[in-house]
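Below is one structure, written out as structure tokens; comments come after it.
The values are calculated or read from the model by the stated rules, or taken from the named source; none is laboratory data. Remember, predicted model here, so these are calculated numbers, not experimental data. Note that we place each Cβ from the backbone using ideal geometry, even for glycine, and neighbour counts take in every protein chain shown.
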Amino acid sequence: MLDARLAELTRCLPDLRLLTAPGDLEHYGRDWTRRWTPAPLAIALPASIAEAQAIVRWANEHRVAIVPSGGRTGLSGGAVAANGELVLSLERMNRVLDFNAIDRTLSVQAGISLQAVHDAARGHGLLYPVDFAARGSCSIGGNIATNAGGIRVIRYGNTREWIAGLKVVAGNGELLELNRALIKNSSGYDFRQLMIGSEGTLGIVVEATLKLTDPPPPSQVMLLALPDMDALMHVFALFRARLALQAFEFFTDHALKHVLAHGAQRAIDGDYPYYVVTEFDATDERVQEVALAAFEHALEQGWVSDGVIAQSEAQATALWRLRDGITESLAPRRPYKNDVSVRISAVPSFLHEMRALLMREYPHIEVVWFGHIGDGNLHINVLRPDGLAEEDFITQCEHVTKLLAATLQRHGGSISAEHGIGLVKRAYLESTRSAAEIALMHGVRKVFDPNGILNPGKLFVSD
Ligand code: 2HG
Ligand code: ZN
């Protein structure tokens, strides 16, 4: 027996693809957090903007909450549907709509994967530069909803920098065309930017016009082994001063252990506590000399202990795998994740306090650190030991996150650098945003989504 509300939905939209089988509810109701039990009402897969608008209008009429859904690779629970919501999946709206060679833009439907965007841009001899390991599964709509960052932020910035225009279905079902891909548009509030990072609480992104750029110059990839934490930012300053960096990522020996166990190839013999993968422009042969001179200098200073520079594309890929493969290698353990940031200048002092805190609070628990240290963004993955009940583990992690949030606050940082607040971090929003800001955020939400049907429960503790 179909729920009466759903019966009404299929009456309004007879062609709408609607899924209610238990397997579908489970599949579309969760994200990569795997922490909440999926319990959506149904899954709607609109094929057009008009269908998406009609669904939102229906949801307003029947006061059904909607969870906008892309690739569900999120790590903060932003796309979880555990409370009888309707999941509105953009999966079928996954096409490239237009390429404009003069504007150097690509217009796409929101459900397209990041990988397909990369491929389409490459097909036109250009680059969409935001990139990260989930590229094959995540969707551009989800990237926009969280202002996704990734491994090239140091060179290209976050998703926010690459959105020329958006089409968004607001909480009342109205279609908003935001910025229309203008480069210059000084005509009042920029709602496009407001939508980016709003985690589906203000509107549903249905189409985006993405800026493209020149393909990157040839590059080289280097793996460095470091003797201690203090060396990290010295090496970063040195390499940044001498080379044109495209990426500067770090991970610890714990992270390395897991990726190696997951099939990656060891590239440096010996055991070191910290590693860096860096990629830099290599427009001519001199660059390799400059890189090697920087490496020698770091060696003399005692900031690096060993290093390897990739001699082929295959080697570069193998070195990247050591960093790119971390999340996947840890996934079976369902880690508790923190995703924090501070200004680059605050990294050294923050790292010291953070390490002391984690060592004190997690004495018998494995904690894996890695991340985009060149952007001041650190990922902390806490692994539940066998024998510790999930509930007790989460309680402990939440207690530590509270302390971490206070540490971040002292350092002027953020509790969410790039994964979003979602369900996981909503209790700590006030460590990063003032009470006045949060009150305004609630006010803004009311304007765009008066009945609070879009992704309720996410971002804020109470709607
Ligand atoms: C990355 O940088 C992703 O690889 C995932 O942001 C981080 O798994 C994580 O904690
Ligand atoms: Zn990351």
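Descriptive notes on the structure:
- Sole exception among (1) more than 23 Å from the chain's Cα centre (by Cα); (2) surrounded by 15 or more Cβ atoms within 10 Å (Cβ to Cβ) for Leu210, by number: (1)
- Counting the residues of the stretch 75-90 that are touching a Gly at 6+ places or on another chain (Cβ under 8 Å) and either buried (at least 24 other Cβ atoms within 10 Å of the Cβ) or of a type in the set (Gly, Ala, Ser) (or both) gives 10.
- Gly71 touching an Asp or Glu at 6+ places or on another chain (Cβ under 8 Å), within 26 Å of Asn338 (Cα to Cα) and surrounded by 20 or more Cβ atoms within 10 Å (Cβ to Cβ): no
- Any hit, the stretch 374-382, residues being in contact with a strand residue (DSSP E or B) (Cβ under 9 Å, 6 or more places away or on another chain) and free of Cβ contacts under 8 Å to residues at least 24 places away in the same chain: no
- Number of the condition not met by Gly125 [criteria: (1) of a type in the set (Gly, Ala, Ser); (2) free of Cβ contacts under 8 Å to residues at least 24 places away in the same chain; (3) under 18 Å from Pro215 (Cα atoms)]: (2)
- Residue match in the stretch 90-99 (condition: over 26 Å from Ile394 (Cα atoms) and touching a His at 6+ places or on another chain (Cβ under 8 Å)): yes
- Gly150 vs. criteria surrounded by fewer than 19 Cβ atoms within 10 Å (Cβ to Cβ), among the small types (Gly, Ala, Ser) and assigned to a loop (DSSP other than H, G, I, E, B): no
- Complete set of residues in the stretch 77-102 that are of a type outside the set (Val, Ile, Thr), touching an Asp or Glu at 6+ places or on another chain (Cβ under 8 Å) and under 26 Å from Ile415 (Cβ atoms): Gly77, Gly78, Ala79
- Only one entry in Leu378, Leu351 is more than 13 Å from ligand 1 (Cβ to nearest atom), modelled with pLDDT of 95 or more, crowded, with 16+ Cβ neighbours inside 10 Å and under 19 Å from Thr432 (Cβ atoms), namely Leu351.
- Filter result for His364 (modelled with pLDDT under 95, surrounded by fewer than 17 Cβ atoms within 10 Å (Cβ to Cβ) and closer than 27 Å to Met229 by Cα): yes
- The residue of the stretch 107-165 that is farthest from the chain's Cα centre (by Cα), among those that are β-branched (Val, Ile, Thr) and away from ligand 2 (no atom under 16 Å from the Cβ), is Val108.
- Residues that are among the β-branched types (Val, Ile, Thr) and out of contact with any Pro (no Cβ under 6 Å at 6 or more places or on another chain) within the stretch 146-204 comprise Thr146, Ile151, Val153, Ile154, Thr159, Ile163, Val168, Val169, Ile183, Ile196, Thr201, listed in sequence order.
- Leading residue by the ranking (nearest to ligand 2 (Cβ to nearest atom)) among those in the stretch 237-286 that are β-branched (Val, Ile, Thr) and at pLDDT 95 or above: Val277
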